[in-house]
Every structure is written in structure tokens, then in C-alpha cells.
Amino acid sequence: MKILVTGGAGFIASHVVDEYIAIGHDVVVVDNLSTGYQKNINPKAKFYKIDICSDELHGVFEVEKPDIVNHHAAQISVPVSVQNPFLDLDTNAKGFLNLLENCVKHRVKKVIFISSIFYNNSVNCSNFILRDPFNKINMSFGGFSVRYFFNFFISLNARISVASFVAS
């Protein structure tokens, strides 16, 4: 299966990429390297230095034709989001929308959306499909989403977890 991972040069996503490759998937990484590091990218993955907000993303989908998109790319710095909320909006909302539009246009089978924005069960998510293995909210928009329990969860249990993400 061909899997496109956005933000694949970041800490968590780079471990996801490593595990996808270890279990035999073809992996494409899209990252603008604004906070990630090229040294984190598995050399067996095909790498595109592209921002998810860019129109160039369409070309990646045209060439690579991914079956699955695992979305990790985000502007995650709280100080940056306070200083420049429009940068947050561009990356986290418009970038995600650009990604989803490409997924629809290119008939991607599954989108895995990684998010840590909800931290308790006080949010009314009755319109979403919930998967809650660690008592954290996980939302679905046609694919599904995962909130990692903590940063090192993926390092300790990635082979089992990543395999179950793909199989779900």
C-alpha cells in the first residue's frame, strides 16, 4: 500500500514512517521542514519538501497516487499561534482543507488525522465517530483520527498501532 505522511520529518510522524516502511508499505513524506528535520526522514521514503498549503501538493498526489494519507503536518507552537493566529489558520485549517480536497480529487481510500487538540471528554462530539482507546477523544471525518497517548507511545508500540491504523 502507498501511504503519504504529512509532517513526516517531525518526531512522531518520522516514527510512523519508519514503522510503515518496516511492515512493507511504500511511503511518501510531505514536509516543509519548518519544524521537522530532514535527518528524521527514513531514506527509503520518497520526500517532497512542500508546504501542505501549496498548490504543488496536487502534483504529489498526481504522481504518487497514495492509498492512505496520514496527516501530521501542523503549526503546533502556542506562542506562534498567539503572535500570528493567521499562520495557524493557514496551516492548520487551510492546509488541511487543501490536503482533503486533494484526497477527494485523487480518490484516497483513507485519511488518518492526528490531533491533540482535545484533552478531555467534555467536548460534544456526537456528530463524529469516536475511537477512544486511551480515554482521549479521537474524531473521524470519513477516515479516522488518533490522539497518541503520549509522545513515546508511538516509539514503544508503533508496529502494533500503525498496523491497526492501516487495518481499521
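The values are calculated or read from the model by the stated rules, or taken from the named source; none is laboratory data. Not measured: the values here are computed from a predicted model. Neighbour counts run over all protein chains shown; Cβ positions are idealised from the backbone, glycine included.
Residue by residue, here is whether (1) among the basic types (Lys, Arg); (2) within 14 Å of the chain's Cα centre (by Cα); (3) crowded, with 24+ Cβ neighbours inside 10 Å holds:
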{"site": "Val5", "(1), (2), (3)": "no, yes, yes"}
{"site": "Tyr20", "(1), (2), (3)": "no, yes, yes"}
{"site": "Gly24", "(1), (2), (3)": "no, no, no"}
{"site": "Val30", "(1), (2), (3)": "no, yes, yes"}
{"site": "Gly36", "(1), (2), (3)": "no, yes, no"}
{"site": "Asn42", "(1), (2), (3)": "no, no, no"}
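Residue-by-condition table, conditions (1) modelled with pLDDT of 95 or more; (2) within 16 Å of Val5 (Cβ to Cβ):
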position: Asn40; (1), (2): yes, yes
position: Lys44; (1), (2): yes, yes
position: Ser54; (1), (2): yes, no
position: Lys65; (1), (2): yes, yes
position: Val80; (1), (2): no, no
position: Gln83; (1), (2): no, no
position: Arg107; (1), (2): no, no
Inside segment 6-88, counting only helices (runs of 4 or more DSSP H) that do not spill past its ends, which hold 3 or more residues that are closer than 20 Å to Asn98 by Cα?
57-64, 85-88
Quick one: Pro43 ticks every box in (1) closer than 18 Å to Phe11 by Cβ; (2) touching a residue at least 40 places away in the same chain (Cβ under 8 Å) except a single one, so which number is it?
(2)
